[in-house]
Amino acid sequence: MIQRNKCIENIKAAYLFPEIAKRRREYAAAHPEAKIISLGVGNTTEAILPHIDQGLTEGAKRLGTAEGYSGYTDEGFEELRKKISEVFYTGSFTVDEVFISDGAKCDIGRLQLLFGAKTEVAVQDPSYPVYVDGSVLAGAAGGWSGTGYQGITYLPCTAENGYFPDLDGLPKNALFYFCSPNNPTGATANREQLAALVKAAREKGVLIIFDAAYAEYIRDPVLPKSIFEIDGARTCAIEVNSFSKPAGFTGVRLGWTIVPRDLKYASGESVNADWARVCGTIFNGASNIAQWGALAALDAQGLKEMKELCDFYLGNAALIRGALRKLGIDCAGGDNSPYIWARFPGRDSWDVFAEILEKCQVVTTPGAGFGPAGQGFIRFSAFGHRQDVEEACARLAKLKG
Ligand code: PGU
């Protein structure tokens, strides 16, 4: 029989979120009366707002007309690529530097193909599990050592360093996944920090994959929403982004990736040209309907709706953070991000997860699932209906004592 891919063997256990869903199901089976509320996976809950929804439905209707029909769109509608450049990057990228995807996670997975199994990988610790698990699947990291995967450099992001890593630990010529606003800590890097990151990356020949999936949650006007607000980033960074969290497109599926033409490998060859080649080979473009929705999201009315939606979830975040602080639980995040990172010193985060589920019937995400430095933390997601979030906040009082 055919052999199993060794890289899959190296993966420690189930992907974090299905594991949480399994524990929730087990709890629900044992407690059929429980009204469980999820503040676990960051999955949007609110209806798509009317103008953006109209973009989607009109897009679907177009496909039923001779004039409006479209098939494969490869790297995406040119009009959408242009609009993304204008709205998010002051028009500074040409259409061939903007690649439309079916979501940030999908591109994070595919991007590894550019660099291969020999790549050194560094991550913020804790981090979105796809960076590490994707690297293991691509063969760029080895087996589980008990505290982390062999071959991955974990750069701790803790309360002590303001959730920004010590860049001296960044290996040379590595791929560095960096997420701001951060999942899971909720920390948002400021301009000086990102400038230091770009400087270190350029000095060390590091390529940054900057995940800006939560950029539209930034409310502080001085905080950068993109790595490309920093001079020099075009020669050392790729940015992935998504309509999932600002437009409620988690189920619609649409994102984009910026690969600057100035970005070169050690050999001098173009990363952009290779990315076009990879996408052309294993990706047949994003849904046309989703792209019509995204175009609606990027006009004046759509941008207003995206802000409204993010404000709603930020309102939830403020409620959760307030409830935790009232209990004396130290927490970060929640002001420019939809995640709250709560500290339970000296505790195993899976134990705290189980305690919150049992006492409050609230599902969270254990910090250890995001990396070794996540031990002793719980991530609360602000994606939920207001009534559920209010109810969850009231139940959290049961954690007292
Ligand atoms: N990037 C980051 C940093 C994310 O947190 C998520 C979703 C994505 C990308 C995915 O974006 P798409 O455009 O929708 O592909 N993170 C959620 C959902 C769990 C998951 O496995 O993606 C979370 O709870 O962390």
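Quick one: is Leu263 farther than 30 Å from Ala200 by Cα and modelled with pLDDT of 95 or more? When the stated conditions are applied, Leu263 does not pass them.
What tally of residues in region 51-70 results from selecting those that are open to solvent by less than 40 Å² (accessible area, probe 1.4 Å), over 25 Å from the mean Cα position of the chain (by Cα) and in contact (Cβ under 8 Å) with a residue 40 or more places away in the chain? Lay out the reasoning, then the answer.
Residues of region 51-70 open to solvent by less than 40 Å² (accessible area, probe 1.4 Å): 52, 55-56, 59, 68, 70.
Remaining after also requiring over 25 Å from the mean Cα position of the chain (by Cα): 59, 68, 70.
After this cut, where a residue has to be in contact (Cβ under 8 Å) with a residue 40 or more places away in the chain as well, the list is 59, 70.
So the count comes out to 2.
Among the strands (runs of 3 or more DSSP E) confined to region 284-387, there are none with at least 2 residues that are open to solvent by 20 Å² or more (accessible area, probe 1.4 Å) and touching a Leu at 6+ places or on another chain (Cβ under 7 Å). Residues that are open to solvent by less than 40 Å² (accessible area, probe 1.4 Å) and outside any loop (DSSP other than H, G, I, E, B) within region 83-94 comprise Ile84, Ser85, Tyr89, listed in sequence order.
Filtered by the rule that a residue be free of Cβ contacts under 8 Å to residues at least 40 places away in the same chain, away from the ligand (no atom under 16 Å from the Cβ) and among the small types (Gly, Ala, Ser), region 184-233 gives Ala195, Ala196, Ala200, Ala201, Gly232, Ala233.
How many residues, within region 234-247, are in a strand (DSSP E or B) and either near the ligand (Cβ under 10 Å from one of its atoms) or closer than 12 Å to Lys105 by Cβ (or both)?
Of region 234-247, the ones in a strand (DSSP E or B) are 237-242.
Subset that is either near the ligand (Cβ under 10 Å from one of its atoms) or closer than 12 Å to Lys105 by Cβ (or both): 240-242.
Number satisfying all stated conditions: 3.
Restricting attention to region 164-217, the residues that are open to solvent by 10 Å² or more (accessible area, probe 1.4 Å), of a type in the set (Val, Ile, Thr) and touching a Cys at 6+ places or on another chain (Cβ under 9 Å) add up to 0.
Sort through Leu175, Leu170, Leu263 and tell me the only one that's under 24 Å from Ala373 (Cα atoms) and away from the ligand (no atom under 16 Å from the Cβ). Can you show your working first?
On the way: Leu175 fails: away from the ligand (no atom under 16 Å from the Cβ); Leu263 fails: under 24 Å from Ala373 (Cα atoms).
Just a single option satisfies the conditions, and that option is Leu170.
The values are calculated or read from the model by the stated rules, or taken from the named source; none is laboratory data. Small disclaimer: the values here were computed from a predicted structure and weren't measured. Ideal geometry is used to build each Cβ from the backbone, glycine not excepted, and the neighbour counts take in all protein chains shown. Only protein heavy atoms, including side chains, enter the accessible area calculation; ligands, DNA and RNA are left aside. Shrake-Rupley method; radii C 1.70, N 1.55, O 1.52, S 1.80 Å.
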